[in-house]
Amino acid sequence: MTRPAPPPLGMLAELTHRCPLQCPYCSNPLELTRKRDELDTATWQRVFAEAAELGVLQVHLSGGEPAARPDLEALVASCVEHGLYTNLITAGVNLSRARLDALAEAGLDHVQLSIQGASAEVNDRIANLPGAFEKKRAFAAEVTDAGLPLTLNSVIHRHNLHQLPELVELALDLGAGAWRSPTPSTTAGRWRTAPR
Amino acid sequence: MSPSAPALAEEAIVRLPRGVRLREDRARGGWVLLAPERVFQLDPVAREVLSRVDGERDIGAIVDDLAAAFAAPRERILGDVRAMLADLILKQVLEVV
Ligand code: SF4
């Protein structure tokens, strides 16, 4: 006898494929959805309402880089309106303090910041974005200053494995409540769009 | 090294930290505590205790209220509440004001 699947607890919302970083292991698909083909604000708002109705309790706003969406504040507000616990998964390089404050104001519950390495040299090489590490450090300080709980996450592979202790140190240093390493995805979708 | 549970005085005041929320789970029934990447399904006892945690009343007052509401011995409730709250503090979903 088969039983219906229980309602999901969480939903990962990939708001966009756009991202200022170019990590080689990025799980974005080979053919990136173009900006004009992304779901618009109203559609996402409907999706959040339906997800909450279905029994979803937590929404993870991700991408790509969710901050590439100018309507991120409105999307967070919509999640909050439907009682959804809202987690922002960001690379932390293109979110101004003013926007962060607006997101906190809208009711954002938690920020998860991706870190590619424990030093500027390693981080910026993997992310293929000079200056990213310093921006991430500054962003982490702003998150905790805004009173939001912070988690760091890092994909671990042979180019940053040697920095494992430093990554944990860094998380403590930045006031993160936790540091995690998600299972790295097996697709490397950025190869075609961003040859290294 | 595992952190040990804090000793909670009756005068201690606790609250849910930013990033932790208590809400009803209508789809599954019951109440849940939502925290970064975690969902705690609460039993009815935990719900009764946490719904009285407002960051203003101290633990003694919460226990008084529970003892009156459930006509149960205060000492036993105090012990249970202390243990439950200390455990939630260890799990980082509750903080002392
Ligand atoms: S893996 Fe890197 S490039 Fe891909 S979305 Fe995340 S931060 Fe951007």
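Below is a table of values for the structure above.
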{"item": "Total formal charge among the other residues, if their Cβ is under 13 angstrom from that of residue A:39, Lys/Arg +1 and Asp/Glu -1", "result": "-1"}
{"item": "Environment charge at residue B:40 (Cβ cut-off 12 Å; Lys +1, Arg +1, Asp -1, Glu -1)", "result": "+1"}
{"item": "10 Å Cβ neighbours from other chains, averaged over peptide A:104-115", "result": "2"}
{"item": "Area hidden from solvent between A and B (accessible, protein heavy atoms only, 1.4 Å, total, Å²)", "result": "1600 Å²"}
{"item": "Packing rank of A:81-92, A:5-16, where each peptide gets the mean count of other beta carbons within 10 Å, highest leading", "result": "A:81-92, A:5-16"}
{"item": "Radius of gyration and Dmax over the Cα atoms of region B:15-96, both given in Å", "result": "12.6, 37"}
{"item": "Chain B - percent relative contact order, Cα under 8 Å, separation 6 or more", "result": "38 percent"}
{"item": "Helix A:97-106 vs. chain A, principal-axis angle (Cα, 0 to 90°, nearest 10)", "result": "30 degrees"}
{"item": "Length-normalised contact order of chain A in % [C-alpha pairs under 8 Å, at least 6 apart]", "result": "25 percent"}
{"item": "Region B:15-96 - accessible surface per residue (Å², probe 1.4 Å)", "result": "52 Å²"}
{"item": "Per-residue average of Cβ from other chains inside 10 Å of A:147-160", "result": "1"}
{"item": "Apportionment of accessible area to carbon and sulfur, the protein assembly as shown, percent (1.4 Å)", "result": "55 percent"}
{"item": "Total formal charge among the other residues, if their Cβ is under 14 angstrom from that of residue A:94, Lys/Arg +1 and Asp/Glu -1", "result": "+3"}
{"item": "Degrees, to the nearest 10: A:132-145 long Cα axis against longest axis of chain A", "result": "50 degrees"}
{"item": "Spacing of the two label points (7 Å from each Cα toward its C-beta) at residue B:38 and residue B:91, in nm", "result": "0.6 nm"}
{"item": "Exercise: per-residue mean of other protein chain Cβ atoms within 10 Å, A:49-62", "result": "2"}
{"item": "Protection proxy ranking, peptides A:147-155, A:130-138, average beta carbon neighbours within 10 Å, highest first", "result": "A:147-155, A:130-138"}
{"item": "Relative contact order (%) - region B:42-97, alpha-carbon pairs under 8 angstrom, separation at least six", "result": "26 percent"}
{"item": "Of all DSSP beta bridges in the protein assembly as shown, antiparallel share, percent nearest 5", "result": "35 percent"}
{"item": "Rule-of-thumb Rg ratio for the protein assembly as shown [Cα; 2.2 N^0.38 Å; N residues]", "result": "1.12"}
{"item": "Threshold 20 Å² - residues in region B:11-57 whose accessible area is reduced by that much or more when the chain is no longer isolated, probe 1.4 Å", "result": "B:18, B:19, B:21, B:23, B:27, B:28, B:34, B:36, B:37, B:39"}
{"item": "Helix axis angle, A:164-173 relative to chain A longest principal axis, alpha carbon, degrees", "result": "70 degrees"}
{"item": "The protein assembly as shown - mean residue ellipticity at 222 nm from DSSP helices (-39,500 (n - 2.57) per run, n ≥ 4, rounded to 500)", "result": "-11000 deg cm²/dmol"}
{"item": "For peptides B:19-26, A:105-112, sequence by mean Cβ density within 10 Å, most packed first", "result": "A:105-112, B:19-26"}
{"item": "³J(HN,Hα) computed for each position of region B:7-19 - Karplus, 6.51 cos²θ - 1.76 cosθ + 1.60, integer Hz, glycine/proline x", "result": "7, 9, 6, 4, 7, 5, 10, 10, 8, 7, x, 4, x"}
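The values are calculated or read from the model by the stated rules, or taken from the named source; none is laboratory data. Keep in mind the model is a prediction, meaning the values are calculated, not measured. Reconstructed Cβ throughout: ideal geometry from the backbone, glycine too, with neighbour counts over all protein chains shown. These accessible areas exclude ligands, DNA and RNA; they are computed on the full protein's heavy atoms, side chains included. Shrake-Rupley method; radii C 1.70, N 1.55, O 1.52, S 1.80 Å.
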